[in-house]
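What follows is calculated from the coordinates using simple rules that are stated; it is not laboratory data. Since the model is a prediction, treat every value here as computed from it, not as a measurement. No Cβ is skipped: glycine too gets one built from the backbone with ideal geometry, and neighbour counts run over all protein chains shown.
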Amino acid sequence: MGENDKDSDYSSSSSSNWDAPPVEPKPSDGGMDMSMFEGKDRFEDLEKAERELAGDMVTVQFALPDGERVSSNFPHGQTVQFLKVWLEENHKYAYENQVLTLNGDLLIDPLSLNDIRGFKTGGVVNEVVLKMKEK
């Protein structure tokens, strides 16, 4: 028997050695417990949990380049990136050209509002200045 014969014998017998016998499901193994998704109360609980994780609301007043001021409320756990997207969608300022500052400090996209020392909650109005990058 040559070397190639050994290889083919090994590979043909190897697959049968690793085949697992079929396993019958147990009667109690009826699948995933879907009771957590039944009823409106569960979804309300999930929404409440999401709101709690997002944190208190932050009131942001944007000073826009044209002198207009616009306000909105955002969860304290929201990101600077989200604020920029909101400005783009609601006020047509191109995301990639926005520069946001709070108390003169640059707001960096990946940070959440609660990462930034100057943001206050509890009805305090936080003034964020929007400047546009020169093209």
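Here are the numbers for the structure shown:
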item: Within-12-Å neighbourhood charge of TYR95 [Cβ basis; K, R +1; D, E -1]; result: -1
item: Rough spin-label spacing in nm, given labels placed 7 Å along Cα→Cβ, for PHE82 and GLU44; result: 2.3 nm
item: Gyration tensor verdict on the stretch 66-113 (Cα atoms; rounded if a/c is under 1.5, prolate if a/b is larger than b/c, oblate otherwise); result: rounded
item: Amide H contacts under 5 Å for ALA63, placed H, 5+ residues apart; result: VAL128, VAL129, LEU130
item: Cα gyration tensor category, rounded, prolate or oblate, for the stretch 88-135 with a/c compared to 1.5; result: prolate
item: For the stretch 97-111, Karplus couplings with θ = phi - 60° (6.51, -1.76, 1.60), whole Hz, Gly/Pro x; result: 9, 7, 10, 10, 9, 10, 6, x, 8, 5, 9, 9, 2, x, 6
item: GLN98 long-range amide H proximity, modeled H, under 5 Å; result: LYS133
item: Simple label model, 7 Å out from Cα along Cβ direction - LEU106 to THR121, nm; result: 2.8 nm
